[in-house]
1. Based on what the data block shows, is Ala74 touching a Ser or Thr at 6+ places or on another chain (Cβ under 6 Å) and buried (at least 16 other Cβ atoms within 10 Å of the Cβ)?
2. Taking the range 77-115 only, how many residues are within 29 Å of Asp163 (Cα to Cα), touching a Ser or Thr at 6+ places or on another chain (Cβ under 7 Å) and acidic (Asp, Glu)?
3. Do any helices (runs of 4 or more DSSP H) lying entirely in the range 126-196 carry at least 1 residues that are more than 24 Å from Arg105 (Cβ to Cβ), and which ones are they?
4. Identify, please: which residue in the range 1-31 is more than 22 Å from Met153 (Cα to Cα) and among the aliphatic types (A, V, I, L, M) and is, among those, surrounded by the most Cβ atoms within 10 Å (Cβ to Cβ)?
5. Within the group Leu140, Leu130, which residue is under 14 Å from Leu179 (Cβ atoms) and touching a Ser or Thr at 6+ places or on another chain (Cβ under 6 Å)?
6. Would the range 35-48 turn up any residue that is surrounded by 12 or more Cβ atoms within 10 Å (Cβ to Cβ) and touching a helix residue (DSSP H, G or I) at 6+ places or on another chain (Cβ under 9 Å)?
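The values are calculated or read from the model by the stated rules, or taken from the named source; none is laboratory data. Predicted model only: the values in this text are computed from it and were never measured. We place every Cβ from the backbone using ideal geometry, glycine too, and count neighbours over all the protein chains shown.
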Amino acid sequence: MTELPTLYSFRRCPYAMRARMALLVSGTRCELREVKLSDKPGAMLEASPKGTVPVLKLSDGAVLEESLAIMDWALARRDPENWLARKDDDLIARNDGPFKHALDRYKYPNRYDSDPEEYRSDGLAILRDLEARLSGARQLSGERAGYTDTAIMPFVRQFAATDREWWDAQDLPKLQNWLADHLESALFRRCMVKHKPWQPGNEPVLFPQD
């Protein structure tokens, strides 16, 4: 196992989801260490003191601390579905910046002392732009799913799940179908397999599993 990269992950984190999906589609094997966020393992904090997931420690000791860096690394090694050709940096930056800002304050109003309806409205404006984009293609990145779709989908998923009844009532048919298709995909199901939190001395968990 020592020659494999080590991935510290948290199943429900959207950043960790997109990293795992890129590792899956690239066929990159690693040792998966599921993290309990309230009790982060010392080995992860030693590798990445900032304490957020995902973290990928490579076999040469180098550490990738950001989800997009992990996606880029994995797909640079092997990109059988040509995801990198369908990468829109500006759209991803809008997702990771303004949309994530609105999402957090909509989903966690007590944490941010925010008005959730105000930030839901801010997020909805961005989602309407995605709806318009999908009017011209099946995916955000063209006719086939790619890097952009995978980088953004976990955050749209989280926004939709905050109030499912509200989400279902919105006039976003293309985006709603797009999200549903991704959630039902074999790739996403493989990404979301449950594992117990890792502790030192545990038997290694291979990702992906055969």
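1. The answer is yes for Ala74.
2. Count: 1.
3. So the answer is 147-162, 173-183, 186-191.
4. It comes out as Leu4.
5. The conditions single out Leu140.
6. Quick first cut of the range 35-48, residues surrounded by 12 or more Cβ atoms within 10 Å (Cβ to Cβ) only: 35-37, 40-41, 43-45, 47-48.
Restricting the remaining residues to those that are touching a helix residue (DSSP H, G or I) at 6+ places or on another chain (Cβ under 9 Å) gives 35.
The answer is yes, given that some residue of the range 35-48 is surrounded by 12 or more Cβ atoms within 10 Å (Cβ to Cβ) and touching a helix residue (DSSP H, G or I) at 6+ places or on another chain (Cβ under 9 Å).
Quick grid of which residues meet (1) buried (at least 20 other Cβ atoms within 10 Å of the Cβ); (2) in the same structural domain as Arg12 (by TED's automatic domain parsing); (3) under 21 Å from Leu68 (Cα atoms):
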{"position": "Gly97", "(1), (2), (3)": "no, no, yes"}
{"position": "Asp104", "(1), (2), (3)": "no, no, yes"}
{"position": "Leu130", "(1), (2), (3)": "yes, no, yes"}
{"position": "Arg138", "(1), (2), (3)": "no, no, no"}
{"position": "Arg144", "(1), (2), (3)": "no, no, yes"}
{"position": "Arg157", "(1), (2), (3)": "no, no, yes"}
{"position": "Gln176", "(1), (2), (3)": "no, no, no"}
